[in-house]
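The values are calculated or read from the model by the stated rules, or taken from the named source; none is laboratory data. Computed from a prediction, not measured in an experiment: that's the story for all the values here. Counting neighbours? That spans all protein chains shown, and the Cβs are built from the backbone with ideal geometry, glycine included.
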Amino acid sequence: MCEVGCGEGTILTYFAKLFPRATFKGVDLDSEVVKQATQRADAEKLSNITCVERNMYDLPKDFSTAFDVVLIADAFHDLPDIGKALDTVKAILKPSGILVVIDFNNASAAQDNLDNPVYSMLCLASMGYCIPCSYYHGGDKSDVQGETMGVENIVTAINKGGFTISKQQPLNSIQMNIAFLCKPN
């Protein structure tokens, strides 16, 4: 499994413990969180995790068609070029591989989120972090949406990027997140 935008390695560590014979790679742009993810894996004595500081658009050759699963958790909305990102995912997935996207479960249109108690927090976080990060890393103004991207726009981007969503499932009791299981077309 490869996690794009692995952060501090929380998800990688969880799965590496569950599947000790599997190999896990994490990719993140932030050298500090890659260091933290590596320290976390070392502290847990997990030798099946490797994390690299890398732009996902420029992955090493050994990533090519190497993964059964690629995970993008709470980072899809941050990608500066979603089409290019999904092309990269297709290049690193095995032919029978699965893309898992986990992101925020809100509507794409602001007016459809009036009953969503966390939507205003997502807007604020997006303006202060997600959108500036996407622009800093080369995002096109027409593509960058931050945490307010919304389910409808995520579905459109995944389909436009050459994937078919085989399952879409809200997560956790407050349904703040949603998971998409996707196969390349």
Quick one: how many residues across region 67-100 are among the polar types (S, T, N, Q), in a strand (DSSP E or B) and under 25 Å from PRO132 (Cα atoms)? 0
Within region 27-60, track down each residue that is out of contact with any Asp or Glu (no Cβ under 7 Å at 6 or more places or on another chain), outside any loop (DSSP other than H, G, I, E, B) and free of Cβ contacts under 8 Å to residues at least 24 places away in the same chain. GLU32, LYS35, GLN39, ASP42, ALA43
Conditions (1) out of contact with any His (no Cβ under 8 Å at 6 or more places or on another chain); (2) under 24 Å from PRO170 (Cβ atoms); (3) buried (at least 21 other Cβ atoms within 10 Å of the Cβ): number failed by ASP112: (3)
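So how many residues does region 101-126 have that are more than 19 Å from the chain's Cα centre (by Cα) and part of a helix (DSSP H, G or I)?
8
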Which residue is farthest from ASP58 (Cα to Cα), if the candidates are limited to region 91-124 and must be touching a residue at least 60 places away in the same chain (Cβ under 8 Å) and in contact with a helix residue (DSSP H, G or I) (Cβ under 7 Å, 6 or more places away or on another chain)? ASN105
All but one of (1) in contact with a strand residue (DSSP E or B) (Cβ under 9 Å, 6 or more places away or on another chain); (2) modelled with pLDDT under 95; (3) not basic (Lys, Arg) hold for PRO80, so report the exception by its number. (1)
Filter region 53-99 down to the residues that are crowded, with 17+ Cβ neighbours inside 10 Å and β-branched (Val, Ile, Thr), then identify the one that is farthest from GLU147 (Cα to Cα). ILE92
